[in-house]
1. Considering only region 312-336, state which residues are under 30 Å from PRO265 (Cα atoms) and either basic (Lys, Arg) or in contact (Cβ under 8 Å) with a residue 12 or more places away in the chain (or both).
2. Are there any strands (runs of 3 or more DSSP E) wholly within region 29-137 with 2 or more residues that are of a type in the set (Val, Ile, Thr) and closer than 22 Å to VAL211 by Cβ, and if so which?
3. For region 15-24, does any single residue satisfy the condition of being buried (at least 21 other Cβ atoms within 10 Å of the Cβ), over 27 Å from ALA245 (Cβ atoms) and touching a Leu at 6+ places or on another chain (Cβ under 6 Å)?
4. Which pairs turn up if I take residues in region 4-22 that are free of Cβ contacts under 8 Å to residues at least 24 places away in the same chain and look for partners that are outside any loop (DSSP other than H, G, I, E, B) and surrounded by fewer than 20 Cβ atoms within 10 Å (Cβ to Cβ) with beta carbon separation below 7 Å, at least 6 apart in sequence or on another chain?
5. Which one of these does ALA221 not meet: (1) within 15 Å of GLY277 (Cα to Cα); (2) modelled with pLDDT of 95 or more?
6. Enumerate the helices (runs of 4 or more DSSP H) found wholly within region 228-345, keeping only those where 1 or more residues are at pLDDT below 85.
7. Quick check on this structure: which one of HIS33, HIS19 is at pLDDT 95 or above and in contact with a Phe, Trp or Tyr (Cβ under 7 Å, 6 or more places away or on another chain)?
8. Filter region 454-498 for residues that are assigned to a helix (DSSP H, G or I) and more than 26 Å from the chain's Cα centre (by Cα); which is surrounded by the most Cβ atoms within 10 Å (Cβ to Cβ)?
Amino acid sequence: MGPTTRTFAELVQERWGDHRPGLAFEDRVLSHHQLASGAAARAALLAGLLPRGAAPHVGVLLENTPEFPQWLAAAALAGAAVAGINPTRRGAELARDIAHTECRVLVTERARLPLLDGVRLDGVRVLVTDSGAYADLLAPYKGAEPVIAAGVGPATRMLLYFTSGSTGAPKAAICTQGRLAAAGRSLAATFEVRPDDVHYICMPLFHGNAVIAGWAPAVAAGAGVALARRFSASRFLDDVRRYRATYFTYVGRAVQYVLATAERPDDRDNPLRVGFGTEAGAVDAARFEERFGVRLVEGYGSSEGGAAVQRTGDTPPGAIGRAAPGDDLAVLDPATGAECPPAVFGPGGRLVNGDAAIGELVNRGRSSFEGYWRNEAAYAERVRRHGWYWTGDLFYRDAAGFLYFAGRGDDKIRVDGENLAPAMIENILARWADAAAVAVYGVPDPVSGDQVMATVALRAGAAFDPPAFAEFLRCQDDLGTKMAPRFVRVVERMPVTATNKVRRGELRRAGFWSGGQVWWRPAGEAAYRLLTPDAYEALAGVYRDQGRAALLPAP
């Protein structure tokens, strides 16, 4: 059976009888055989819990514990799909995610039960993994052999993972068993993953990165997994040494957080071979390799699987790489569909023709995008004009064909590897009594991705009170940890069009360098302070140090 026609369930089944260490978690070690047996028991339990005729979907609201990969594997055997539920969502938004993906079973743990207080879960069976009742449910299936349910094939849905758009309602991207199996086998081949390798998974398993780039290649190659309950920069190196990890994945600012820890004389004494991820930034990738002796392979891949950019050894500084094999990637003007001209660089590497060179990255070739669950409008936005896949991300290309990331689409913000919806943040900030109007958008982060910025028009007679605003943010239970604005611009009137639509492009171009009254919150601080000219110059210096000065306005 060829690699494109395999199911992930078969990869799980192959681990039966393999008594080598398969998963290390804190002080526990489970063999591959134990994991396969645990998956089989959960698959059998799930088959009895799903109502007849219901979509075979199970929501998983867990930290990274051994239960999570066992439920992923169980879903593969049972022909079900796992919807990873983001624990930073709250209240109605959390309920919406569970209801939208039509989960009939929700697997969670005691520590996360408070998130469900007041949340309507009509028709949803809740399983609490660290309870006696859960153990009793699994007991009859202990020692079960992994059997693949009838009808399971490469086209069977296995993952529904959320990716935020600009509307405030995250979309659930579909990933089938065939696609996940192919991705796992491809990455295992690319990074020459061996059965004696250990994949350190510290990114959250509700996110596609940890599952597709971390767990799937380990299963495909029969490699071990070392699972961290959550990412911790201070524990990163100790965990790597403790578990003898050879491979890890990352997104967003994780690499920078590790680099911010105190240096040790023996930092390079570690077993890691490679790290694979996105948005580390060229400068920090080089610093990571110099400090730890570990090569980072930066890539770009849309969460939905529609396009991928791969870094090669000749990729110039600041570039992401070239199109992955089989992809026909182009930078197109989203309004006309015409290809944008190559980038022209001035002194210091500044992009001098950004207005013409920056466009949307489009895959004109084959695409592994499999659609969104119950969202045809979002699908049509992605696949349009000749059936091409439009990523919604902004890029430019140099004369040699190397691609450079320029930002997310107009209404997208990506912070620490996670897409945030401005409309959702605006709805929260609109509760602030002194706000007459609010607009939220992204400004470039000095390392990678974006930072959140808000423009606020105050009510008549009100004055901006930084401590009061910070306290307001702290009291909003549904404001996720990455949503609080880093910059706040205060204006008398919100700039609008003739039809009273906010001029977001104008606000985005003004950014935090507008020269108006801008307050900012330095990284790691909760208090806002005025962005003075001296503070701006210091901040601009960080962009220059990170090789991203081209994103700042020309002097």
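The values are calculated or read from the model by the stated rules, or taken from the named source; none is laboratory data. Values in this document were obtained by computation on a predicted structure and should not be read as measured data. Cβ coordinates were reconstructed from backbone atoms using ideal geometry, including for glycine residues, and neighbour counts include every protein chain displayed.
1. Taking region 312-336 and keeping what is under 30 Å from PRO265 (Cα atoms), we get 313, 317-318.
Within region 312-336, PRO317, GLY318 meet the criteria.
2. Values: elements: 57-61, 81-84, 105-108, 125-128.
Strands (runs of 3 or more DSSP E) meeting the threshold: 57-61, 105-108.
3. Narrowing region 15-24 to residues buried (at least 21 other Cβ atoms within 10 Å of the Cβ): 15, 22-24.
Within this subset, residues satisfying the condition of being over 27 Å from ALA245 (Cβ atoms) are none.
Within region 15-24, none of the residues are buried (at least 21 other Cβ atoms within 10 Å of the Cβ), over 27 Å from ALA245 (Cβ atoms) and touching a Leu at 6+ places or on another chain (Cβ under 6 Å).
4. These pairs meet every condition: GLY17/HIS33; HIS19/SER31; HIS19/HIS33.
5. (1)
6. On the way: elements: 233-243, 254-259, 282-292.
Counting at least 1 such residues, we get 254-259, 282-292.
7. Numbers: HIS19 fails: in contact with a Phe, Trp or Tyr (Cβ under 7 Å, 6 or more places away or on another chain).
Step by step, each of HIS33, HIS19 is checked, and only HIS33 is at pLDDT 95 or above and in contact with a Phe, Trp or Tyr (Cβ under 7 Å, 6 or more places away or on another chain).
8. Residues of region 454-498 that are assigned to a helix (DSSP H, G or I), as a first pass: 466-474.
Narrowing the set further to residues that are more than 26 Å from the chain's Cα centre (by Cα) leaves 466-472.
Working: PRO466: 14, PRO467: 10, ALA468: 12, PHE469: 23, ALA470: 18, GLU471: 11, PHE472: 18.
Within region 454-498, the match that is surrounded by the most Cβ atoms within 10 Å (Cβ to Cβ) is PHE469.
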